[in-house]
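Structure record follows, encoded as structure tokens.
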Amino acid sequence: MNPPLADIPAGFEQMPAFGPFHELVGPLYVARRDAIHIVGLRVEDKHRNRGAMMHGGMICMLADTAIVWAAKHAREPRPKMLTTHLSVNLIGNAPPGAWVEAQVDVVRAGRRVVFANCYIWSQGQRIAQATAQCQVIGEETA
């Protein structure tokens, strides 16, 4: 069950799914504040582990998705991207019902490689930190 749109913070719009996996774990939402790209989600029961907190794998997926989204939007024309390195430090958690945001800073958008940092926040607390590099593998077609 998708959260009601009224439950999503102002300024966010639903992100188009990247494929079947994102359809399964979504919906995800996107916003931009200055140079920072943000991907958010409302933690649902399907996202939790046995300890009733957001699963670490879900946090890693959110970091990867947010970084690829930001990397794609850091260049024109928009490239196809492939994550070639992802490092995530899990430093907190989020319970079902919490709003979680992955805030991405693109450090460098080169011709072949994009480098980015990501911080994931929930309820005013940083719950993860990630760094990644994405390889440009071509241009996106409509």
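Key figures for this structure:
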| item | result |
| --- | --- |
| Breaking point among (1) over 17 Å from the mean Cα position of the chain (by Cα); (2) over 25 Å from Asn49 (Cα atoms); (3) touching a residue at least 12 places away in the same chain (Cβ under 8 Å), for Lys80 | (1) |
| Qualifying position, being surrounded by fewer than 17 Cβ atoms within 10 Å (Cβ to Cβ), touching a strand residue (DSSP E or B) at 6+ places or on another chain (Cβ under 9 Å) and closer than 23 Å to Arg33 by Cβ, among Val107, Val114, Val88, Val68 | Val107 |
| Total residues in the stretch 42-85, condition in contact with a Cys (Cβ under 7 Å, 6 or more places away or on another chain) and outside any helix (DSSP H, G or I) | 4 |
| Failed criterion for Arg111 (all others in (1) of a type outside the set (Phe, Trp, Tyr); (2) within 18 Å of Val25 (Cβ to Cβ); (3) outside any strand (DSSP E or B) hold) | (2) |
| Boolean, Thr83 is touching a Leu at 6+ places or on another chain (Cβ under 7 Å), modelled with pLDDT of 90 or more and of a type in the set (S, T, N, Q) | no |
| Matching residues, the stretch 114-141, being touching a Ser or Thr at 6+ places or on another chain (Cβ under 7 Å) and either over 15 Å from Ala63 (Cα atoms) or not in a strand (DSSP E or B) (or both) | Gln135 |
| Total residues in the stretch 13-41, condition assigned to a strand (DSSP E or B) and in contact with an Asp or Glu (Cβ under 7 Å, 6 or more places away or on another chain) | 5 |
| Residue in the stretch 91-101 that is aromatic (Phe, Trp, Tyr), surrounded by 18 or more Cβ atoms within 10 Å (Cβ to Cβ) and in contact with a Pro (Cβ under 7 Å, 6 or more places away or on another chain) present | yes |
| Only listed residue being in contact (Cβ under 8 Å) with a residue 60 or more places away in the chain, under 20 Å from Gln135 (Cβ atoms) and not aromatic (Phe, Trp, Tyr), chosen from Val88, Val106, Val100, Val113 | Val106 |
| Which numbered condition Asn49 misses (of (1) in contact with a strand residue (DSSP E or B) (Cβ under 6 Å, 6 or more places away or on another chain); (2) without any contact (Cβ under 8 Å) to a residue 40 or more places away in the chain; (3) polar (S, T, N, Q)) | (1) |
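The values are calculated or read from the model by the stated rules, or taken from the named source; none is laboratory data. As the structure is a prediction and not an experimental result, all values here were calculated from the model. Neighbour counts run over all protein chains shown; Cβ positions are idealised from the backbone, glycine included.
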